[in-house]
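Enquirer: Quick one: the structure is below, questions incoming.
The values are calculated or read from the model by the stated rules, or taken from the named source; none is laboratory data. This one's a predicted model, so the numbers in the text were calculated from it and none came from an experiment. Glycine gets a Cβ as well: all are built from the backbone with ideal geometry, and neighbour counts include every protein chain shown. For the accessible areas, the whole protein counts, side chains as well, though only heavy atoms, and no ligand, DNA or RNA atoms are used. Shrake-Rupley method; radii C 1.70, N 1.55, O 1.52, S 1.80 Å.
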Amino acid sequence: MIEAQRKLVPEMMELMEQRYRVLNIVKMAGPIGRRPLGQTAGLSERETRTMMDALRSQNLIRVAKEGTSITTEGDVVLSTLESAMEDWSGRAAIAKKLTQFLGIRAVKVVTGNCDMDSTAKSLLGLEAANQFIAEIGKGKIVAVTGGSTIASIPPYIVKNDDMRELLFIAARGGVGDEIGLQANVIAASFADACSGTYNTFYYPESLRLEAHEAFRKEPSVLKMLELYDKTDCVLHGIGDAQTMALIRSSTEKKQLMLQECGAQGEAFGYYFDKNGNAVHRIRTIGIQTNQLERIPLIIAVAGGSSKTEAILSYMASAPKQTILVTDEGAAIEMLNRFLNI
């Protein structure tokens with residue numbers, strides 16, 4: 001039936017998915033202005049206006065001075081269509097197969113490809129926020145890494161009373177020069193979105209061994225190490241090995257060493273080869289890979305077909321309780337790799 005509808009009226013499926021996506025964004029980010037709504041959904045101003053008019057005429061959204069929000073009826077429509085939309089798009093089937101191949105708890109696939117469509121990164125943030133809200137409990141310690149993908153999550157968090165007791169911490173020291181993408185700043189953004197609290201932690205990655213060992217004995221570091229042992233949730237990105245080496249201003253010698261070791265992905269300061277082996281580790285203070293095994297909730301967020309090898313390299317040894325949030329660009333490439341083995 002679904003396939004027949006797609007062949008007979010293909011534009012109907014596209015329009016339905018587009019309206020579903022817009023309604024979902026309104027639910028998560030509302031009240032939201034027309035311009036940010038259009039930017040997140042990847043629509044022009046005219047398309048956004050037309051879409052809003054259609055949804056408002058069906059009493060699915062409410063437009064007010066403070067922005068657009070979803071109605072009770074709109075919420076019911078979203079819940080009713082969720083399963084069907086995932087089936088129609090084919091993403092549910094892709095996610096199910098990848099979950100089996102990767103051997104992790106779950107895979108969530110959003111539409112688009114981060115390499116070609118900036119909207120996809122917003123959708124990654126939206127879906128990651130959905131997963132976080134659904135899974136996180138009361139009074140938990142949440143560690144977050146840096147990077148633009150993780151930074152895209154807080155704007156879509158819908159707070160509730162339980163979130164006031166969440167404590168957010170940086171999962172590791174700083175990377176690169178982009179202040180807004182540092183783990184400390186992102187932890188503060190999460191705390192603000194949830195009305196929770198956060199602890200700052202500053203650690204320069206360029207310390208010599210002697211300074212590093214001395215730094216580990218500082219009271220603030222000992223406190224952070226204690227928090228890492230008590231962490232209940234981790235939200236993290238996955239980087240391409242060579243890209244991360246450049247961001248860290250690594251020497252040509254180190255970049256060559258990573259190539260020779262077959263490093264493809266990076267997470268938590270560890271570089272992984274295609275089999276999931278940690279082939280190099282930078283000197284830093286943060287969540288260690290052996291600590292991940294006992295953390296009940298881990299949400300990894302990464303997209304773009306260019307990150308296929310990076311994601312697979314990390315996932316080859318990722319904890320089984322991991323939830324991977326990715327996009328169609330990376331998901332389809334990953335699935336092709338498995339099917340062509």
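Enquirer: Would you please give the FRET efficiency between ARG34 and GLU260, computed as 1/(1 + (r/R0)^6) with r the Cβ-Cβ distance and R0 = 56 Å, to the nearest 0.05? The partial results should precede the final answer.
Expert: Details: r = 52 Å, r/R0 = 0.92.
E(calc), rounded to 0.05, equals 0.60.
Enquirer: Please compute the per residue accessible area over the chain with all protein chains in place, 1.4 Å probe, rounded to a whole number of Å².
Expert: On the way: 16590 Å² over 341 residues.
Result: 49 Å² per residue.
Enquirer: Okay, moving on. Output the relative contact order of the chain, whole-number percent, from Cα pairs under 8 angstrom with separation of 6+ residues.
Expert: Working: 636 pairs, mean separation 59.7, N = 341.
Across the chain, relative contact order equals 18 percent.
Enquirer: I've got another one for you. Using a 1.4 angstrom probe on heavy atoms only, work out the carbon and sulfur share of the accessible area of the stretch 42-88 in %. Provide the component values of the computation, followed by the final result.
Expert: On the way: 1400 of 2930 Å².
On the stretch 42-88, the fraction of accessible area on carbon and sulfur atoms equals 48 percent.
Enquirer: Moving on. Could you compute the longest span of the chain free of GluC sites (Glu not before Pro) located in DSSP loops and having at most 14 other Cβ atoms within 10 Å, not counting the site residues? Display every interim value, and only then the final one.
Expert: Details: sites that count: GLU66, GLU178, GLU293.
Free of exposed loop sites, the longest segment is 179-292.
Enquirer: Continuing with the same structure: Return a whole-number percent for the relative contact order of the stretch 28-185, with Cα pairs under 8 Å and 6 or more residues apart as the contact set.
Expert: Working: 182 pairs, mean separation 27.8, N = 158.
Contact order relative to length: 18 percent.
Enquirer: To the nearest 0.05, what FRET efficiency results for GLU14 and ASN160 with a Förster distance of 35 Å applied to their C-beta separation?
Expert: Values: r = 34 Å, r/R0 = 0.97.
In this case the efficiency is close to 0.55.
Enquirer: Over the stretch 216-341, one equal point on each Cα, no solvent: what is log10 I(q)/I(0) by the Debye formula at q = 0.20, 0.22 Å⁻¹?
Expert: -1.17, -1.31
Enquirer: Where does the longest stretch of the chain lie that holds no trypsin sites (Lys or Arg not before Pro) found in a DSSP loop with 11 or fewer other Cβ atoms within 10 Å?
Expert: Details: sites that count: LYS65, LYS138, ARG208, LYS217, ARG294, LYS320.
In short, 218-293.
Enquirer: Further, regarding this structure: Can you give the angle from 0 to 90° between the axis of helix 91-102 and the longest principal axis of the chain, with both taken from C-alpha atoms, to the nearest 10?
Expert: 20
Enquirer: Within the stretch 244-261, which residues have the backbone N less than 17 Å from the label spot 7 Å out from ASN277 along Cα→beta-carbon, could you tell me?
Expert: Those under the cut-off are 257-261.
Enquirer: Can you pull the percent of the stretch 210-322's accessible area that's carbon plus sulfur, 1.4 Å probe, other chains left in place? If you can, show how the numbers build up before the last one.
Expert: Working: 2610 of 5130 Å².
So the carbon and sulfur contribution to the accessible surface is 51 percent.
Enquirer: Would you indicate which of (1) 62, 44, 34; (2) 67, 47, 33; (3) 64, 56, 32 is the value of Cα extents along the principal axes in Å derived from the coordinates of this structure?
Expert: Evaluating Cα extents along the principal axes in Å on these atoms matches (2).
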